[in-house]
Amino acid sequence: MVPRSENLRPWWARVLLFFTWRKRGGVMPEKIIPVYNPAEIEPRWQEKWERDGLYHADIDPTRPKHYALTMLPYPSGDLHIGHWYAMTPSDARARFKRMCGYNVLFPMGFDAFGLPAENAAIKRNIHPKEWTYKNIANMRRQLKSMGAMFDWRREAISSDPEYYRWTQWFFVQFFKNDLAYRKMSPVDWCPNCNTTLAREQVWGEDRHCERCGTPVIKKDLEQWFFRTTRYAEELLNYDGIDWPEKVRDMQINWIGRSEGASVIFTTEDGQPIEVFTTRPDTLWGATFMVLAPEHPLVEGLTTPDHRAEVEAYIAQAVRQTDIQRESTEKEKTGVFTGGYAINPVNGRRIPVWIADYVLMSYGTGAIMAVPAHDERDFAFAIKYGLPIIPVIERPDGISKSLVFPGSVDDSFESGLKQAGISYTKAPVGSAGEGLFVTLQRDQVQPYVALMRRYLKPENWNEIVGTQWLFIFNDGVIELDSVEADREILERCKKLYPPVQGNRTVMEMLSHLPFYQDVLFHAEYGTMIHSGEFSGTPGTEAKRAVTTWLEKQGKGKATVNYRLRDWLISRQRYWGAPIPIIYCPHCGAVPVPEDQLPVLLPDDVEWKPTGESPLKLHPTWRFTTCPQCGAKAERETDTMDTFMCSSWYHLRYLSPHYDQGPFDPKEYDYWMPVDTYTGGAEHATMHLIYTRFFHKALRDLGITRGNEPMLQLRNQGQILGPDGQRMSKSRGNVVDPDEQVRLYGADTVRAFMMFGYRWAEGGPWDPGSIQGVNRWLRRVWLTLLEPGEGKASESLLKALRRKAHQTLRSVTRDFEQFEFNTIVSALMELMNEMVKAKQAGAYGSPIWNEVTEMYLKMLAPVAPHISEELWGLLGKPYSVHTQAWPSFDAEAAREEEITLVLQVNGKVRDRLVVPADIQEEDAKRLALENPAVQKFLEGRTARQVIYVPGRLVNIVG
RNA sequence: GCCGAAGUGGCGGAACUGGCAUACGCGCGCGACUCAAAAUCGCGUUCCGAAAGGAAUGUGGGUUCGAUUCCCACCUUCGGCACCA
């Protein structure tokens, strides 16, 4: 028994201890009513349940299984209120499932490798292992105070050699099956954590480290990767699993599938430059190419006179990624290589530029630039004066034309009016009033005719938007090619010298605000200026061009993904060593499976140097090659801890099994996980990795089925009372141990369910938890303290009805993870029971039946008080092995209903009527009703709507 | 910019399939018990109005006899992604 300080709960001292128990019909002996003392009750029951193995989950083929899993904690030192929020409602649901007849496995363990242990080692000079295992001991104690149904025999700790032996074993399987590979590449590096990070661990606009917030830098390093991209397509498929839309959307977004074509451009000397595009229908508008600065062809394309500039740009680009990239600066930069490429669709020679807005890591690191139909290419082309040729019609058919003051005869305006063309008149600079004309598709031709008639000599007019026409005195030129662009520009410069500074027609037009919104668009539309494809409608264009490219051997349909392979190397000590030996003769050789685990040595220096501490160990890294026996060296990097958590649900099945990562018998019975709960912040990390892992293992014949977890539900986050994220520096952290001391675990558990929409979370409210505590104390006294009198039959029947209605909603809400309404329904029923008791219901058979139901429904929410009351009321141990009450629809049925009377949709009266009232009777009662009469104000009812069991609405 | 979620009393939130808006709890007010306080119990508590009544679920429209719920547009907050070709 844990002693507790009385001054924390002075109100208990005041509770009367002795009552006279007077049962209806006879006088019972005096009986002691104990005080509700969670500090005494809770540890007592926790110990007994553990002693009895009450929550042991063993294979039992006679019962349906339910594998309920909640994300395992990192042993940071202390349990957070967030852990309670995540785990206790999950526990309640697991308990509910158990009472419903399922054989429920609800395990717990620790994700015990990872950086904080090393940081603690550096800061406090304590060994990471010692720090970790001390924390585990403390957190295990705290977890036990929840009174959850964890089966501790199945505890798994990822830093135990018997665990990471199999983490390493999985690595070896992946290595042998070409799912793990090593490559030199620019990787994200956290200068504070001194290690590389997976792409998923780099967050935000400023690309900071997920763990410590430091902006990451790029480093060229030889690192180990898993081929997650091989499963990109399959990871997009969620058939047969019930996961939140939010998580699915985040993953789908992250995987980033895009359909398009790869197209082969060539350099002038015939070298292929492959690009990926989602818009092959815009190929004719590709007026230049852009390569990533690190693209391998840059070297060969650069001409001597551009070399200095190109090299300077590359150096600058590298430095930019190496220093923190200023993310706000989005102005596009780039330089011309001096080289040219050939556009395969029309044989035109186009300049090749390099720019850092093209990423080496996506697609092929090279793009065809279509400035007329891509926002970034447009901005780049305007900036550097590259030609912009529209090749897709605007779907809205709108064109615009600005008629300069004095450029047309006066009768032009009346001509416009006659043709029904809309325009506005406004000053153009200081030159006088111009006409701002907006043309629909079929108005372009009449407009051209009109313009040709009234255009004064030495002037021109342009039509831009859907059609691109320049009207001169001697003819019309269409902006359909680079040559046309040049010719138009030259003529304009001659006619109006102020435009001389412009390098392209589009640049000239871009200075006019009226045209701003029609110069560029990225929509699908009819192809124009595209040779034989001109006129192809937008709905077919992409497919038609792709098919043609394939036939011509110039390209093919391609799907590209944003997802990248998973970088798993970490230059840190406290992790599972990557089981690879580098031999000068045999290369990278996996450690033979019978020699696993590769044990982590205890005697290391863990100074942060940027290299794995294992590398600095005097002896550990030196070994011999398992293949040829030559002197060899171990890989000194360790594995990303997400590797450990990708399969912990399998280790729980048999944490001490030594013939494999898990006992197949256990696997066959328990897998897949039926319900998985945890935070949505893992959507693009753990939850993708673990799906990848399962699918990869399935293909290696180790697991079965396509998905590891059938149902996923996310809880939100508990914030501090100030609405901010809890953190020690803000001083707004709520300590669960303290809350347990104040109110008991049952109250904390119930409050975690009651206070929030589980998926949302919210700020901690110190007042609300007291309300929950008050309720449990009320339950205690109401059930134990005898009452007097004899209640009427109808009252008892109503009590029983309420109990079954509660059972119906509680059952439904448990299934749907709606924990707040479970508690409120139980509170409501308790309020009814208190009233019924005051009316003399106590001790009657129905009272006893309802009490029993109540404790069973309360058991998953507040397991200790339910067990204690169950025992005190003389029922056989344990309430937690009872079957969930069975619902009696007849008992729950209402005999009377409140019939709502509406006139024109407004409530005017309510009548209590028999539940089985007939339609005519209901309508008649409504029409006769004085309040209804009053509001009808003598009008006759035009329509009477009857909703059975609910309302009559009279429309008058 | 793109994807997604959410906006209901002073607060957390409820309302199942389009049918009594504001359950349950917090807070607040009044009362009982008490020498007193705490605790507990009872009553009240969306807003306006003396009342009859009226208004209200982010804003504006629409569908409907009837909309927190369905449709359209917009605003705000939060989460994710972000030069992704």
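The values are calculated or read from the model by the stated rules, or taken from the named source; none is laboratory data. Model, not experiment: these values are computed from the prediction. Here the Cβ positions follow ideal geometry from the backbone for every residue, glycine too, while neighbour counts run over all protein chains shown.
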Legend entry - Selection from region A:868-910 of residues that are of a type in the set (D, E) and closer than 19 Å to A:I41 by Cα: A:E868
Inset, instruction - For A:A557, indicate whether it is hydrophobic (A, V, I, L, M, F, W, C) and either surrounded by 20 or more Cβ atoms within 10 Å (Cβ to Cβ) or over 30 Å from A:F225 (Cβ atoms) (or both). - result: no
Legend entry - Wholly enclosed helices (runs of 4 or more DSSP H) of region A:345-461 bearing at least 1 residues touching a strand residue (DSSP E or B) at 6+ places or on another chain (Cβ under 6 Å), within 25 Å of A:T526 (Cβ to Cβ) and within 16 Å of RNA strand B (Cβ to nearest atom): A:375-384
Inset, instruction - State whether the residues of region A:513-524 include one that is over 27 Å from A:V345 (Cβ atoms), of a type in the set (D, E, K, R) and not assigned by TED's automatic domain parsing to the domain that holds A:Y447. - result: yes
Legend entry - Residues of region A:492-514 satisfying the condition of being surrounded by fewer than 18 Cβ atoms within 10 Å (Cβ to Cβ) and not polar (S, T, N, Q): A:K493, A:K494, A:L495, A:Y496, A:P497, A:P498, A:V499, A:G501, A:R503, A:H511, A:L512, A:P513
Inset, instruction - Write out, first by first residue and then by second, each pair whose Cβ atoms fall under 9 Å of each other, whose residues are 6+ apart or on separate chains, and whose first residue, in region A:400-413, is assigned by TED's automatic domain parsing to the domain that holds A:L455 and over 16 Å from A:V444 (Cβ atoms) while the second is surrounded by fewer than 19 Cβ atoms within 10 Å (Cβ to Cβ) and of a type in the set (S, T, N, Q). - result: A:F404/A:N459; A:G406/A:N459; A:S407/A:N459; A:V408/A:N459
Legend entry - Residues being in contact with a Gly (Cβ under 9 Å, 6 or more places away or on another chain), in contact (Cβ under 8 Å) with a residue 60 or more places away in the chain and either within 30 Å of A:R691 (Cα to Cα) or in a helix (DSSP H, G or I) (or both) - total across region A:737-758: 7
Inset, instruction - Kindly check whether there is at least one residue in region A:676-698 that is among the basic types (K, R) and surrounded by 22 or more Cβ atoms within 10 Å (Cβ to Cβ). - result: yes
Inset, instruction - Quickly run through region A:201-217 and pick out the residues that are under 18 Å from the mean Cα position of the chain (by Cα) and of a type in the set (D, E). - result: A:E205, A:E210
Inset, instruction - Give me a count of the residues in region A:924-936 that are surrounded by 12 or more Cβ atoms within 10 Å (Cβ to Cβ) and away from RNA strand B (no atom under 13 Å from the Cβ). - result: 3
Inset, instruction - For region A:664-673, indicate whether the set of residues that are at pLDDT 95 or above and within 11 Å of RNA strand B (Cβ to nearest atom) is non-empty. - result: no
Inset, instruction - Could you please let me know if A:V748 is modelled with pLDDT of 90 or more, near RNA strand B (Cβ under 8 Å from one of its atoms), within 22 Å of A:Q717 (Cβ to Cβ) and surrounded by 22 or more Cβ atoms within 10 Å (Cβ to Cβ)? - result: no
Legend entry - Entirely in region A:95-202, the helices (runs of 4 or more DSSP H) that have 2 or more residues that are among the β-branched types (V, I, T): A:128-144, A:161-176
Legend entry - Meets criteria (within 11 Å of RNA strand B (Cβ to nearest atom), of a type outside the set (S, T, N, Q) and in the same structural domain as A:R757 (by TED's automatic domain parsing)) for A:K856: no
Inset, instruction - Search region A:714-727 for residues that are more than 17 Å from A:T88 (Cα to Cα) and pair each with any residue that is among the polar types (S, T, N, Q) and in a strand (DSSP E or B) when their beta-carbon atoms are under 8 Å apart and the residues are at least 6 apart or on different chains. - result: A:R725/A:Q717
Inset, instruction - Tell me, please, whether a residue that is on the phi > 0 side of the Ramachandran plot and assigned to a loop (DSSP other than H, G, I, E, B) can be found in region A:530-537. - result: yes
Legend entry - Subset tally (residues that are surrounded by fewer than 16 Cβ atoms within 10 Å (Cβ to Cβ), over 18 Å from A:A286 (Cα atoms) and modelled with pLDDT of 95 or more) for region A:468-486: 1
Inset, instruction - Check region A:886-908 and report whether any residue there is away from RNA strand B (no atom under 11 Å from the Cβ), assigned by TED's automatic domain parsing to the domain that holds A:Y743 and within 24 Å of A:Y55 (Cβ to Cβ). - result: yes
